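Here the structure is laid out as structure tokens; the discussion comes afterwards.
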Amino acid sequence: MAIKDTLISIREQNGLTQSEMAERLFVTRQAVSRWECGDTQPGIDTLKLIATTFHVPIEALLELPMQSVCQSCGMPLSDPGLLGTEADGSPSEQHCKWCYADGGYLGACTMEDMVNICVENMTKTEAPFTEAEARAYMETLLPQLDRWKGAAPTEAR
């Protein structure tokens, strides 16, 4: 679904007018109108605000395919070779091998630590993300993952 259609859907599902949505997002009604017409798109910081305000996965806003991701770092689990292991040695359907093995997380870290680790990996070499974009994306994604739901950014898990 195109971002403009996703934004219309979010607004309508929440029973908001363009003006009311604009007020919640600290933008003008005209900005919301331009997004919904497809004339412009919200910036990364606004997308982050939309995702958190309306509890929408950032993947839906960025037009990324919804796929299984590691519930610790958010890495797509597109290849079985990336899966961590459960205590019985079976593949974990929820975690990557860098975050999870033998039924537990590999080392305690805070959500803030995980953001920093992921940003470093996302901005190596010819990655399509700038550091600011990667940080905004990870700060929006991680609180939605099982490991971090309800955790304070500085709470080790």
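Met111 meets the conditions (1) touching a helix residue (DSSP H, G or I) at 6+ places or on another chain (Cβ under 6 Å); (2) open to solvent by 20 Å² or more (accessible area, probe 1.4 Å) in every case but one. The failed one is (2). Summed over the stretch 25-40, residues that are crowded, with 16+ Cβ neighbours inside 10 Å and either in contact (Cβ under 8 Å) with a residue 12 or more places away in the chain or polar (S, T, N, Q) (or both) total 5. Checking each residue in the stretch 30-41 for being in a loop (DSSP other than H, G, I, E, B) and either at positive phi or modelled with pLDDT of 95 or more (or both) picks out Gly38, Asp39, Thr40. For residues that are more than 15 Å from Leu142 (Cβ to Cβ) and of a type in the set (A, V, I, L, M, F, W, C), scanning just the stretch 72-97, find the one that is surrounded by the most Cβ atoms within 10 Å (Cβ to Cβ). Only one residue fits best here, namely Leu77. Of all residue pairs spaced 6 or more apart or on separate chains, those with beta-carbon atoms under 7 Å, a first member in the stretch 128-157 that is basic (Lys, Arg) and a second member that is part of a loop (DSSP other than H, G, I, E, B) and open to solvent by 70 Å² or more (accessible area, probe 1.4 Å) are Arg147/Arg157; Arg157/Ala108.
Candidates are the residues of the stretch 100-157 that are of a type in the set (Phe, Trp, Tyr) and not in a helix (DSSP H, G or I); the one that is nearest to Leu47 (Cα to Cα) is Phe129.
The values are calculated or read from the model by the stated rules, or taken from the named source; none is laboratory data. None of these values were measured; they are calculated from a predicted model. FYI the Cβ positions are ideal-geometry reconstructions off the backbone, even for glycines, and counts take in every protein chain you see. Protein only, heavy atoms only, side chains kept; ligands, DNA and RNA dropped before computing areas. Shrake-Rupley method; radii C 1.70, N 1.55, O 1.52, S 1.80 Å.
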